[in-house]
1. For Lys488, go through the lysines and keep the ones whose alpha-carbon is under 19 Å away, minus same-chain ones fewer than eight residues off.
2. State, to one decimal in nm, how far the label point of Asn604 lies from the label point of Glu41, with both points 7 Å from Cα in the Cβ direction.
3. Residue by residue through the stretch 219-232, what is 3J(HN,Hα) from phi via Karplus (6.51 cos²θ - 1.76 cosθ + 1.60, θ = phi - 60°)? Round to whole Hz and write x for glycine and proline.
4. Mind checking the per residue accessible area of the stretch 41-139 for me, 1.4 Å probe, whole number of Å²?
5. Please report the antiparallel percentage of DSSP beta bridges with both residues in the chain, rounded to the nearest 5.
6. Calculate how steeply helix 430-441 sits against the longest principal axis of the alpha-carbon atoms of the chain, using the helix alpha-carbon long axis, and give the answer as 0 to 90 degrees to the nearest 10.
7. Compute, for the chain, the length of the dipole vector about the Cα centre, with Cβ point charges of +1 (Lys, Arg) and -1 (Asp, Glu) only. Units Debye, rounded to 20.
8. Applying 1/(1 + (r/R0)^6) with R0 = 25 Å to the Cβ-Cβ distance of Ile235 and Arg281, what FRET efficiency is obtained, to the nearest 0.05?
Amino acid sequence: MCGIVGIVGNRPVAPLIVDALKRLEYRGYDSAGVATVEARELDRRRAEGKLVNLEQRLADQPLGGHIGIGHTRWATHGAPVEVNAHPHFSDNVAVVHNGIIENFRELRDELTAQGFSFSSQTDTESVAHLVASGLKAGLSPVEAAHAAIDRLRGAFALAIVFRGEDDLIVGARSGPPLAVGLGDGEMYLGSDAVALAPFTNRIVYLEDGDRAVLRRSGFNLTDADRKAVEREVKISVGSALLADKGNHRHFMLKEIYEQPEVIGHTLSHYVDFNERRLALRDLDGAPAGIDFAKLSRLTITACGTAYLAGMVGKYWFERLARLPVDIDVASEFRYREPPLSKDGMSLFISQSGETADTLAGLSYCRSEGQAIASIVNARESTMARESHSVFPTLAGPEIGVASTKAFTCQLSVLASLAIAAGVQRGYIDQATEERLVSELAEAPRYTNEALHIEEQIEALSHRLAGKKSVLYLGRDTNYPLAMEGALKLKELSYIHAEAYAAGELKHGPIALIDDEMPVVVIAPHDRIFEKTVSNMQEVAARGGQIILITDAKGAAEVGMDEAQVIVMPDVPEIITPIAYSLPIQLLAYHTAVHMGTDVDQPRNLAKSVTVE
């Protein structure tokens, strides 16, 4: 989603703000801007498109000032054009904003009646005018900001500066994340620690409802009731997150290649490889306090790729632990209001830990008395803080908008949890546990071997480039993996793609098959391989262009000259979804590269969806 950076400093801040915003590019954006206060005057520069356009604007028309705010915008209200780019001005006020102001229309009508004119289509401009209205009524800048924030409904993070105030930034959080960075004679505000990493590693994360007043000498926090509060100062690892592509063409490819390492790191948090036993640990490394034997049902909720990881987890939990699992897309779950048993547990999956719909589902489950667990990559996220048990994925920062290593690390955690549940519930004996743990230990090696077929996948990707539609098929855990493959292709190449459980082919999708339709089939040689092959034969009989992802035994038995076969290592069943994620990622990646799309920042997409 959008990115916010603010600095109260002792040097020109515009170039510093732009550099910090670059660290938030992974969130997705379509315009950017900076506002500063210099000689008591407020000025700004804005530009459509990437930050390089804003840099050029600043080179042509520099901004001075030792205090300022900056923003990368992902359009929600209004087209991605310069007039809608942040910061937004009103008289003596500049505002940047992440999220959505739900009551902006009634505020707009009220402010128009007061004589304010609107130049943009955004909901944010109403915030600037609302603060300016408070100033006109005689309120101080801080009081005017508080009064305006009190009127807002929705999910938002704000940073506000004022004409004539060269030692003041007001920030507020109601949903989307916001953090204060502590410097030496300087203070910072940012959407996350990555943005503030060049300046400080001392971070204070605002809680929901918090408001911050920053000056060079320090800051103070109040809650939504304007009562003074204190939040813990944390030493962030953000300073280590200075992202670069290394030797890779894109961040996404770099992150695909990081998977063997980060999968190993993640598994090591949950498994004692020496003893070949599960050793589940919570966020702080202490033993996880979950007794799966006492659970009657598990409810999994997530969005996007995380939801598809949860679908794989459903197969694992039900098969290995005989634990019934419900799984829902968070945007549906939050409004469905399902009945939940008191002896159930709700598991939420999110890379950022800030996904708005997933957080809303979490709040509902807490109100229903559920035990709450989460799988997150951001340890200091809202979701982590509001869960009883937190299971981190040790993926590190993922810059590419399309999730790769976060997904396989989520699968690694889910596999570990499912095996632990099977042990606790008495469906997995010690010998089976040791075997499964030994197989998990092989995941880094098998994923590394999977990378060796990149050249073959790159050649096959040319068959997909330019196609109107692609069909993905799979059975069992390979069905949600097929859904993930279709999602990746859509995200990156903008080719329409759909996924089906292979057994559903005859129930409608077969009507789509002709000699122009590529069909990607994910089918390792397993107990249902023959069933999938019969579906492939139906595709071949109608001229479909088959791309089969299987292992050596599957390739030998398929007996279909029409199929283009990607041969994977012979992978143990428990880690098949993890290992087979890599070829579907690489296929989508190389198809997109061949088509010339923006792989790391696909159009219309954001990394962290912090509004509904």
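The values are calculated or read from the model by the stated rules, or taken from the named source; none is laboratory data. None of the values given here were measured: they were computed from a predicted structure. Counting neighbours? That spans all protein chains shown, and the Cβs are built from the backbone with ideal geometry, glycine included. We work out accessible area using only protein heavy atoms, side chains counted, and drop any ligands, DNA or RNA first. Shrake-Rupley method; radii C 1.70, N 1.55, O 1.52, S 1.80 Å.
1. Straight-distance partners of Lys488: Lys254, Lys405, Lys467, Lys468, Lys607.
2. Output for this residue pair reads 4.2 nm.
3. These are the phi-based 3J(HN,Hα) values: 8, 9, 10, 10, 8, 5, 8, 6, 8, 4, 9, 10, 10, 5 Hz.
4. Dividing the accessible area of the stretch 41-139 by its residue count gives 40 Å².
5. 65 percent
6. 60 degrees
7. Taking the Cα centre of the chain as origin, the dipole is about 640 debye.
8. My answer for the efficiency is 0.75.
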